[in-house]
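One structure is given below, encoded as structure tokens.
The values are calculated or read from the model by the stated rules, or taken from the named source; none is laboratory data. What you see is a predicted model, and the numbers here were worked out from it, not measured in a lab. Cβ placement follows ideal geometry from the backbone for every residue including glycine, while neighbour counts extend to all protein chains displayed.
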Amino acid sequence: MNKNTERLVSVDKQYIWHPFTQMKVWLESEPVVIESGDGFYLIDTEGKRYIDGVSSLWCNVHGHRVKKIDDAIRTQLDKIAHSTLLGLAQTQSIELAEKLIKIAPKNLQKVFYSDSGATAVEIALKIAYQYWRNQGIKRDKFIALGQSYHGDTIGSVSVGGMELFHSIFKPMLFETFFASSPFPYRFSGSAEDCKKNSLDKIEDLLKKHSGNIAAVIVEPLVQGAAGIIVHPAGFLKAVSELTKKYNVLLLADEVATGFGKTGKMFACENENVEPDIMCAAKGITGGYLPLAATLTTQKIFDAFLAEPKDFKTFFHGHTYTGNALACAAAIANLELFKENKIIESLPAKIDLIREYLNKMIKLPYVGDVRQCGLMAGVEIVQDKTNKQSFTYEKLIGVKLCAAMRPKGAMLRPLSDVIVLMPPVGIDIETLRKLLDIVYDTIENDLPKIIK
């Protein structure tokens, strides 16, 4: 470790509290300090290069230091970095909104900006709640899936089903009704039975509380933070049909799944679903700057139109809502999708990931492999026969990902699920190199880690 790295690590440990991190363990470790990026690689202060295997927490799209996005931000800096959207319009937020509506499900017509996935969900929940109130209808409850994750603000945690993350905050949360997640690997029965079980539970809740439900919120196709739980085909479409049948809104949280990760621009497209409200973030700026958008329909928007004296205004906003630099980056990001034919390039990458997953499932301790597009999870278990997991304290997933770093790959597990979520723009050669490292580490290092 060079002197600069030593100094930075020391200062980091003195001042920074890292997210989702047990700091006692962190303070006893020797962390990697990232200094720069080059294409699909991260470069640390020691000059070591790592393939960005989780796209910098699922947000990087085209790689790092992408000229078109860099230039868009520099050009915007020569004009203005930020101005408020409260009472003013701004060029870049206008241009981006038009582009977002063109690529979103056709029923979505309005864009409300914010700063992160959690705020996009918070806004969606508040819009859904107030939509009914503005019509004189009290519907103040939500239905969500078990093991769901929608962010870490109070509203988004309230509709989150991650006990590990959220149980301590229960006294602070509003009531939400949860239906079991359709997770075939952990269900006793077929994938079709698993799907039916979850749908039946959602419908039971809709029947029992139909007059009180404002919306059903789902992560479409894949529950990312739960360990890449891939829903059985047709589940999302069936949920959509249930919301129509019982006249409740459908909220699609596309924060993790949006911008190409499932093989389509948005996951909802895979099952021809048009949600009433959709949340987008992470990949919206190509992984450059914080930005999020909550999209909704003209019908919902119209419910907020009234005279000021009627108090139907949506009283919500953020200081950096529609930030000009972030919107400029997002515009360049969307243009690159088109110029580089990103969506068209995905089938070959998806097939390559599937090819490697089919090999990994044959390895000892690999209990399950799950994939939807470029989102993949490899679940490590103690016993493949009875699907018994390792105890949490063993940190098998953490140690396995750490063993990949000297080989040049940076991944982050979800417990003992090794998450593969490379940037959607990654080239085949780099993707293959990443997959080779993952396979080799599971095959050769995992048995040593376990022993």
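State which residue is surrounded by the fewest Cβ atoms within 10 Å (Cβ to Cβ) when the search covers only segment 398-450 and only residues that are part of a helix (DSSP H, G or I) and of a type in the set (S, T, N, Q).
This residue is N444.
Within segment 133-144, identify whether any single residue is small (G, A, S) and outside the structural domain of G408 (by TED's automatic domain parsing), and answer yes or no.
Yes: one or more hits.
How about segment 19-33: which of its residues are within 21 Å of I418 (Cα to Cα), exposed (fewer than 11 other Cβ atoms within 10 Å of the Cβ) and at pLDDT 95 or above?
P19
Does any residue of segment 91-109 turn out to be closer than 30 Å to M404 by Cβ and basic (K, R)?
Among the residues of segment 91-109, not one is closer than 30 Å to M404 by Cβ and basic (K, R), which makes the answer no.
Report whether or not L431 is within 23 Å of the chain's Cα centre (by Cα), in contact (Cβ under 8 Å) with a residue 12 or more places away in the chain and closer than 15 Å to D368 by Cα.
It is false that L431 is within 23 Å of the chain's Cα centre (by Cα), in contact (Cβ under 8 Å) with a residue 12 or more places away in the chain and closer than 15 Å to D368 by Cα.
So which residues in segment 193-213 are of a type in the set (V, I, T) and not in a helix (DSSP H, G or I), if there are any at all?
Correct list: I213 only.
Only helices (runs of 4 or more DSSP H) wholly contained in segment 79-185 count here; list those with 2 or more residues that are touching a Phe, Trp or Tyr at 6+ places or on another chain (Cβ under 8 Å) and free of Cβ contacts under 8 Å to residues at least 60 places away in the same chain.
Fully inside segment 79-185 and qualifying: 154-158.
Is there a residue in segment 245-257 that is outside any loop (DSSP other than H, G, I, E, B), of a type in the set (S, T, Y) and within 27 Å of E203 (Cα to Cα)?
The answer is no, given that none of the residues of segment 245-257 is outside any loop (DSSP other than H, G, I, E, B), of a type in the set (S, T, Y) and within 27 Å of E203 (Cα to Cα).
Given the condition in a loop (DSSP other than H, G, I, E, B) and either surrounded by 15 or more Cβ atoms within 10 Å (Cβ to Cβ) or within 22 Å of the chain's Cα centre (by Cα) (or both), answer yes or no: does some residue in segment 34-47 qualify?
Yes - at least one qualifying residue is present in segment 34-47.
Answer with yes or no whether L236 is touching a strand residue (DSSP E or B) at 6+ places or on another chain (Cβ under 9 Å), outside any helix (DSSP H, G or I) and over 30 Å from D38 (Cα atoms).
no
Filter segment 342-377 down to the residues that are small (G, A, S) and at positive phi and list them by number.
Answer for segment 342-377, where residues must be small (G, A, S) and at positive phi: just G373.
Condition check ((1) of a type outside the set (A, V, I, L, M); (2) assigned by TED's automatic domain parsing to the domain that holds T319) across all residues:
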{"position": "D52", "(1), (2)": "yes, no"}
{"position": "W58", "(1), (2)": "yes, no"}
{"position": "R74", "(1), (2)": "yes, yes"}
{"position": "A89", "(1), (2)": "no, yes"}
{"position": "K102", "(1), (2)": "yes, yes"}
{"position": "K110", "(1), (2)": "yes, yes"}
{"position": "V121", "(1), (2)": "no, yes"}
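Within segment 163-172, is there a residue that is assigned by TED's automatic domain parsing to the domain that holds H231, under 26 Å from L221 (Cβ atoms) and modelled with pLDDT of 95 or more?
no
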